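The values are calculated or read from the model by the stated rules, or taken from the named source; none is laboratory data. If you're wondering where the values come from, they're calculated on a predicted model, not measured in any experiment. Every residue, glycine among them, receives a Cβ derived from its backbone with ideal geometry; neighbour counts consider all protein chains shown. Surface areas here come from the heavy atoms of the whole protein model, side chains and all, with no ligands, DNA or RNA. Shrake-Rupley method; radii C 1.70, N 1.55, O 1.52, S 1.80 Å.
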Amino acid sequence: SANLIGIHLSNANLSQANLRHADLSQANLSYADLSYTTLRYVNLRNAGLAYVNLSVANLSDAKKWTNEQLAQAESLVGATMPDGTVMTSAAWEEFKQRCGQ
């Protein structure tokens with residue numbers, strides 16, 4: 001439940017971290033490694049997700065995100081999406097094309 005509003009975590013290695021219920025609104029996470037990270041219930045309002053590795057991350061019930069934000073990520077393959085579905089490689093490619101990359 002950390003308050004990380006506006007924090008700069010560019011290039012940070014947060015792989016396998018537990019950020020459940022964290023407020024990451026307006027955080028700069030570009031180029032960070034968030035693979036295998038628990039991001040359940042996280043607030044992503046206006047968070048910078050450019051080139052973030054979200055492979056196999058758990059984004060269940062994440063809030064205040066946009067498709068355009070998520071499409072900026074390096075990868076979402078294997079991630080559990082906010083709606084509970086798991087992103088496949090094919091679905092990721094389609095998502096990027098549909099939402100802005």
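Annotations for the structure displayed:
- Residue within segment 42-57 that is touching a residue at least 12 places away in the same chain (Cβ under 8 Å), crowded, with 18+ Cβ neighbours inside 10 Å, under 18 Å from Ala2 (Cα atoms) and of a type in the set (S, T, N, Q) present: yes
- Within segment 9-18, the presence of a residue that is in a helix (DSSP H, G or I) and aliphatic (A, V, I, L, M) is excluded.
- Among the residues of segment 15-29, the ones that are surrounded by fewer than 20 Cβ atoms within 10 Å (Cβ to Cβ) and of a type outside the set (S, T, N, Q) come to 3 in all.
- Residue match in segment 79-89 (condition: surrounded by fewer than 18 Cβ atoms within 10 Å (Cβ to Cβ), assigned to a helix (DSSP H, G or I) and at pLDDT 95 or above): yes
- Filter pass, Ala12 being over 12 Å from the mean Cα position of the chain (by Cα), open to solvent by less than 90 Å² (accessible area, probe 1.4 Å) and either over 19 Å from Asp83 (Cβ atoms) or not acidic (Asp, Glu) (or both): yes
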